[in-house]
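Rule-based calculations on the coordinates, nothing more; no lab input. Small disclaimer: the values here were computed from a predicted structure and weren't measured. All Cβ positions, even for glycine, are placed from backbone atoms using ideal geometry, and neighbour counts span all protein chains on display.
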Amino acid sequence: METISQTVGSLALNLQVQAGEAAASEAKKLQKIFDQVYTFFQKKNVSTAMKFARDTQSGFQEVAQLASTGKLVEALAKFHATRANCTDCHKAHRENVEGNWKMKY
Ligand code: HEC
């Protein structure tokens, strides 16, 4: 999740400065990561978290497509919509135990 945070940060920046190719490659990287997150929660059979992971993954996939075709305004809007999944999944599936973040099912 730490890698996610960094990549999301630089993706937001690249979308703002309209660096389409860099943004597309970061969005693709995030898409792959959330595919893994999906598989992780699938093994544990947590359907709500699987949905958040899937929505996040397909969101970044669209961001990548839009960014790589130069549609940066749309890509940025899609990015913000996708970003909402982060917060929603954290609220539902993350808890703080003695200062450390853990999964919650
Ligand atoms: C499918 C659910 C899910 C989604 C979607 C999700 N996260 Fe997380 N995230 C978690 C869980 C569970 C933890 C706590 C366990 C861990 O750190 O691995 C966590 C922890 C984190 C952490 C570690 C530090 C902290 O504040 O807990 C960061 C940073 C983070 N997520 C960023 C993001 C960002 C940015 C996104 C969206 C692009 C995102 N996450 C989407 C489930 C999710």
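Measuring between alpha carbons in the structure, the pairs from Lys29/Lys51; Lys51/Lys78; Lys71/Lys102; Lys29/Lys78 lying more than 25 angstrom apart are Lys71/Lys102.
Computed over the chain with a Gaussian network model linking Cα atoms closer than 10 Å, the most mobile of Gly20, Gly59, Gly70 is Gly70.
Helix 20-43 against the longest principal axis of the chain: what's the angle in degrees, Cα atoms only, rounded to the nearest 10? So the helix axis and the longest Cα principal axis differ by about 20 degrees.
Checking the a/c ratio against 1.5 first, then a/b against b/c, what shape does the Cα gyration tensor give for the chain? The partial results should precede the final answer.
Numbers: a/c = 2.42, a/b = 1.86, b/c = 1.30.
Verdict is prolate for the chain.
If you run the Gaussian network model on the chain, springs between alpha carbon atoms under 10 Å, then out of Lys28, Lys43, Lys51 the most flexible one is Lys43. Rounded to the nearest 500, the helix-only mean residue ellipticity at 222 nm of the chain stands at -27500 deg cm²/dmol, with each DSSP H run of n ≥ 4 adding -39,500 (n - 2.57).
Phi angles across segment 65-72 convert, under the Karplus curve 6.51 cos²θ - 1.76 cosθ + 1.60 with θ = phi - 60°, into 3J(HN,Hα) values of 4, 5, 5, 6, 9, x, 8, 6 Hz, Gly and Pro given as x.
GNM on the chain, alpha-carbon springs under 10 angstrom: the most fluctuating residue among Ala64, Ala27, Ala77 is Ala77.
Per 0.36 nm of contour for each residue apart, how much would the distance between Gln16 and Gln36 grow if the chain were fully extended, relative to their Cα-Cα spacing?
Difference between extended and current length: 4.5 nm.
Among Ser68, Ser47, a tally of other beta-carbon atoms within 10 Å of each Cβ gives an order, fewest to most, of Ser47, Ser68. For Lys104, the residues 5 or more places off, or on other chains, whose built amide H falls under 5 Å of its own are Arg94, Glu95. Couplings 3J(HN,Hα) for segment 89-105, derived from phi with the Karplus relation 6.51 cos²θ - 1.76 cosθ + 1.60 (θ = phi - 60°), are 5, 4, 4, 7, 10, 10, 9, 9, 10, 6, x, 10, 7, 10, 6, 10, 10 Hz, where x marks Gly and Pro.
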